[in-house]
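First up is the structure itself, then whatever we jot down about it.
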Amino acid sequence: MLRVGINGYGTIGKRVADAVRAQPDMTVVGVAKQCPDYVAVGATAEGYQLYATDDDRRDRFREIGIEPAGTVEDLVVASDVIVDATPAGVGATNRSVYERHDTSAVFQGGEDATVADMSFTARVNYDEAIDVEYVRVVSCNTTGLARVVAPLEERYGVEKVRATLVRRGGDPGQTGRGPINDAIPDPVSIPSHHGPDLQTVLPEVAVETIGLKVPTTMMHVHALNVSLTDPPEDVDPIRELFAAEDRLLTIPEFAGIDGAGTLKDFALDAGRPRGDIWENCLWEASCTLEGADFYCLQAIHQESDVVPENVDALRALTSDRRGTESRRLTNEVLGIGASQFADHTGLAHDRQPAD
Ligand code: NAD
């Protein structure tokens, strides 16, 4: 059993903890948090050992009747590997603690790419992570871009990706973030950082990205234009290519899912934990081919699409399993790829992870 410590139990950390605990080959040693709040109470209710970020903070947990199992340093000592899901930039300062104890770690996309030996997306470069000690799972947006661009690049070649990212203003728990009633170019300069970030996992792909922020907490929406080197005659083969991808969920027209709100409703109806959607949600009707230019619209659930990627990154760092095997196991345990739409559409969903 791989003993995993989760440092940072917020939006990403709590989801990764539950996903790790569900795996047959992993166990959660404990979770580290800075503040004794409702999430800390939830962690102990879930049966997780809670660790305080440092000694000074232990008493704050004791004040609400939670006895911390130790500090982050103790968690690192007790773990084979750490998932660092602390706020953006904090992971870099934690790396020295992991190094001191010779412990591998998975960092998140809010960190600079230099925090780790490589940037990681299971679909693209799992097997390269087998020989390194530190990986960074790329951000939610970059993960979403990579899952679409990688199969197109492999099958048809990609001349250029142009993507406009309409980003959620904040997560549901981030009550202090805006905009409240606005649409803000973010950043106003072009390209946004997402294009260069995509190139940390797909270095050969030419890409330009534009970012905006809008007042929703639900999901990001991407408008993509991908110029193909050797395009098919029509769009049908591309739809079939996507239908065979394990972490792309094609939304058929009949479903009546017209936006992020109905997608979240669908996820809750389907009994998904926290209404999470680990797959890219690609509107079938938007998939269009004009000459060599492919267009599509997709929604990305920022809180959860990186969760299966973290699970796979843990296996890549610590086991002999190949990427396809790890992804198959992660998908099976979390219920990814079991599309409820498969029986109602002409597209056969034999969603084995592609090599
Ligand atoms: P969050 O603020 O929801 O949670 C952070 C957790 O880290 C909290 O439990 C906090 O107590 C703990 N923590 C540990 N050390 C801390 C310190 N020194 N200061 C403050 N808090 C500390 O963060 P999140 O949204 O889960 O993001 C974690 C990482 O994942 C970031 O790199 C972020 O960019 C990345 N990410 C976030 C999203 C998203 O939509 N939220 C999506 C993909 C990637």
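The values are calculated or read from the model by the stated rules, or taken from the named source; none is laboratory data. Computed from a predicted model, the values in this text were never measured in an experiment. Cβ atoms come from the backbone with ideal geometry, glycine included; neighbour counts cover every protein chain shown. With ligands, DNA and RNA removed, areas are computed over all heavy atoms of the protein, side chains included. Shrake-Rupley method; radii C 1.70, N 1.55, O 1.52, S 1.80 Å.
Working ranking of peptides 105-116, 211-222 by packing, defined as the average number of other Cβ atoms within 10 Å per residue, highest first, is 105-116, 211-222. When the range 171-252 is described by a simple charge dipole with +1 on each Lys and Arg Cβ and -1 on each Asp and Glu Cβ, the residue from THR209, PRO179, GLN199 located farthest towards its positive end is PRO179. In the range 146-215, the DSSP beta bridges split such that about 20 percent are antiparallel, to the nearest 5. For the range 116-192, a/c is not less than 1.5, where a ≥ b ≥ c are the root eigenvalues of the C-alpha gyration tensor, and a/b does not top b/c. That puts it in the oblate class.
Please work out, to two decimal places, the log10 of the ratio I(q)/I(0) at q = 0.06, 0.08, 0.13 Å⁻¹ from a Debye calculation in which every Cα of the chain carries one identical scatterer. Here log10 of I(q) over I(0) equals -0.21, -0.38, -1.02. Peptides 51-59, 298-306, 74-82 ordered by packing proxy, namely the average of other Cβ atoms within 10 Å per residue, highest first: 298-306, 74-82, 51-59.
Shape class of the range 257-329 from the alpha-carbon gyration tensor: oblate, with a/c at 1.5 or above and b/c at least as large as a/b.
If only the Cβ of Lys and Arg carry +1 and only the Cβ of Asp and Glu carry -1, the dipole of the range 124-272 around its Cα centre is close to 780 debye.
Charged side chains reduced to their Cβ positions (Lys and Arg at +1, Asp and Glu at -1) give the range 46-149 a dipole of some 440 debye around its Cα centre.
Charge tally around ASP54: other residues with Cβ under 13 Å, Lys/Arg +1 each, Asp/Glu -1 each, net -1.
Taking only protein heavy atoms into account and a 1.4 Å probe, give the accessible area per residue of the range 247-307 in Å². Result: 34 Å² per residue. Any chance you could check the Cα centroid distance between the range 154-181 and the range 112-134 for me, in angstrom? Distance between centres, Cα-based: 22 Å. In a simple Cβ point-charge model (Lys, Arg +1; Asp, Glu -1; nothing else charged), the chain has a dipole of about 920 debye relative to its Cα centre. If you sort LEU289, LEU282 by accessible surface, 1.4 Å probe, largest first, the order is LEU289, LEU282.
Can you show me the helix-derived [θ] at 222 nm for the chain, built from DSSP H runs with n ≥ 4 at -39,500 (n - 2.57) apiece and divided by the number of residues, rounded to the nearest 500. After summing the helix terms and dividing by the residues of the chain, the value is -9500 deg cm²/dmol. Using C-alpha pairs below 8 Å separated by at least 6 residues, the relative contact order for the chain is 16 percent. Look at the dipole of the chain built from charges on Cβ: of ALA292, ALA116, THR86, the Cα furthest out on the positive end belongs to THR86.
Here the peptides 192-198, 275-281, 230-236 are ranked by packing, the mean other Cβ count within 10 Å, and the order with the highest first is 275-281, 192-198, 230-236.
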